[in-house]
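Read the figures in this text as sums done on the coordinates, not as results from a lab. As the structure is a prediction and not an experimental result, all values here were calculated from the model. Note that we place each Cβ from the backbone using ideal geometry, even for glycine, and neighbour counts take in every protein chain shown.
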Amino acid sequence: MTVVPFQQWPQFLAQLKSSGDKSHRPQAVLIHGEELLGSQVLDELLPVLVEGGKHAAGCEPLDGDSVVWSDALEQVNTFALLGDSRLVVVRDAKLFYTARDAGGMLKKIGKAWADDNRTKAARQFVALLGLLGITIEDVAGKGAKLPKALTGEKGAKPAWLDALSDHCRENNLAIPQTADGAALLEKALEKGFPRGNGLVITTDLVDRRRTLYKALDRFGLIVDCTVPRGERAADRRVQQAVMEQQMLKILGKNGKSLAPGTFQVLSEKTGFDLRTFTLALEKLAAFVGDRETITPADVQQALIRTKQDPIFEFTNAVADRDFRQAMFYLDSLLAGEFHPLQLLAALANQLRRLLMMKDFTLSPAGQGIPPGIAFDQFKSGVLPAMAAFDENLQALGKRWAAELAPIADEDGSKPKKKAKTKSRALPAELRLAARPASAYPLYMTFKKQARFSAAELLSGLRALSEADLLLKTDNRTPRLVMERLLMQICSDG
């Protein structure tokens, strides 16, 4: 039928409501993307599909973590005893999940367990085991050999695993069989459902390449509630627009408004987490009482900061030599369970980029270019010079490799010959113009390198090496090691 972006959902819903012909209403609906937006779409759609909405006798809710798809489809194909329609709603389905998505599921399980929501954690845990094709007995106990999908990025056993396994066994939770769900649903869509019956599926993850997605697109309605999670300017604009839309809805419901600057302070507290952002607005509306306007001071007084900062905010603060901001993001990232060695690696990459850029500015190709050059001039005049600098560096690397190649002298009687060297491209991190299409980050690096001398950058790399050794061999508090490092790099000497 059609794919409707979330931004166009209100107009589409209005058309759906105004249509008196029930035959045009979709029998199969997929709602995917941001969980809170998907829940709102579902609540608005259900009364259109079945009289009485989610409270109707013919509305059958099912949990996507434990659903048996053969039983669910049997319900869709069964006529309702009361009323003229039956609607099966499968929430948080795992139809498009694979073992490659285990990392995201692990984080959700860990969060549910930390929030003391054992029921939710257990449902998601058995769903993950079903995707991996293993049982609780395979992973429980001290001697169990865990698959990589269960150890996450750090390669360590999750702290909650044994306790959650015991909880699942005590409650006799079965491992769902998810492998055939997509195939069964595809066949059911091809065949069609009885008149008046329907199926609604919500999920956070889809794969548009899968034949199931194409079948749902062909035979049903897809509502796309996806919001980009990146940190690019375009992604942030979309995130802000969605947050503002949500803000207007909550403020209108509560009869409140925001004073100038309040939205920026609030979004800095919550980051792009729609549920946290919404709950924060609800809390602020209650906090101010009868007062109609919410101010930045109210946000500071009523809320704590829950935003999870991206690691590049930390490295940018160091590149700006802003010790205070660097410490702020260091504490934020460490609280978010980033390992100090991860932060160290990010800092090393940042300093290498700055040092390469500094080398360019000291070369004949880059000398005399002012750090305050306009972006358009940078793209047209400096980028080509950087590309030429990369080529010269590549040629120099080949020459050095040839000169440093080991000498072949097997028995001492034959003349020495230089071994053949395999030509390799310069690594991307050592090429200034490796991605010329992404010119703005390169422009910012060019501006930031002016804050350092070459000697200071080299000193910073030595300090990084020392910090790396201390973190791996010493018993000192990691935060203190990182704080000392930041003082060394950010200091003006």
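Taking all Cα pairs closer than 8 Å and separated by 6 or more residues, the relative contact order of region 99-170 comes to 34 percent.
Amide hydrogen proximity for residue 30: with H placed 1.01 Å from N in the peptide plane, the residues at 5 or more positions away or on another chain lying under 5 Å are 201, 221, 222, 223. Looking at region 73-138, I'd like the Rg to Rh ratio, where Rg is from alpha-carbon atoms and Rh is Kirkwood's inverse mean 1/r. A ratio of 1.13. About the centre of its Cα atoms, the chain shows a dipole size close to 1460 debye [charges on the beta carbon of Lys, Arg (+1) and Asp, Glu (-1) only; nearest 20 debye]. Over the C-alpha atoms of region 99-170, the Rg to Rh ratio, Rh being the Kirkwood estimate, stands at 0.91. The angle between the Cα long axis of helix 9-18 and the main principal axis of the chain comes to about 20°, on a 0 to 90 degree scale. Against the empirical 2.2 N^0.38 Å (N residues), region 233-302 has a Cα radius of gyration ratio of 1.03.
Our coupling estimate for region 216-223, obtained by passing each phi through the Karplus curve with A = 6.51, B = -1.76, C = 1.60 and θ = phi - 60°, is 5, 5, 6, 10, x, 10, 10, 10 Hz, Gly and Pro reported as x.
What the phi angles of region 333-339 give under the Karplus curve with 6.51, -1.76 and 1.60, with θ = phi - 60°, is a coupling list of 5, 5, 5, x, 6, 6, 7 Hz, glycine and proline written as x.
Region 210-260 and region 321-370 have their alpha-carbon centroids 33 Å apart.
With contacts taken as Cα pairs under 8 Å at a separation of at least 6 residues, the chain carries a relative contact order of 15 percent. Sorting 331, 224, 138 from the fewest to the most surrounding beta carbons within 10 angstrom yields 331, 138, 224. A viscosity of 1.567 mPa s and a temperature of 4 °C, combined with the Kirkwood radius over Cα pairs in Stokes-Einstein, give a translational diffusion coefficient for the chain of 47 µm²/s.
Across region 233-302, Cα pairs under 8 Å and at least six residues apart give a relative contact order of 39 percent. Less than 5 angstrom separates the built amide H of residue 59 from those of 87, all sequence-distant by 5 or more or on a different chain. Dividing the convex hull volume of the alpha carbon atoms of region 187-340 by its residue count gives 178 Å³ per residue. For residue 137 and residue 473, the difference between the fully extended length at 0.36 nm per residue and the C-alpha to C-alpha distance is 117.3 nm. Applied to region 116-129, the Karplus parametrisation 6.51 cos²θ - 1.76 cosθ + 1.60 on θ = phi - 60° returns per-residue 3J(HN,Hα) values of 6, 9, 5, 5, 5, 4, 5, 4, 5, 5, 5, 5, 5, 4 Hz, with x for Gly and Pro. Rounded to a whole number, what is D in µm²/s for region 86-228 from Stokes-Einstein with the Kirkwood radius over alpha-carbon pairs (10 °C, 1.306 mPa s)? For these conditions, the coefficient is 95 µm²/s. Within the chain, antiparallel bridges make up roughly 5 percent of the DSSP beta bridges whose residues both belong there.
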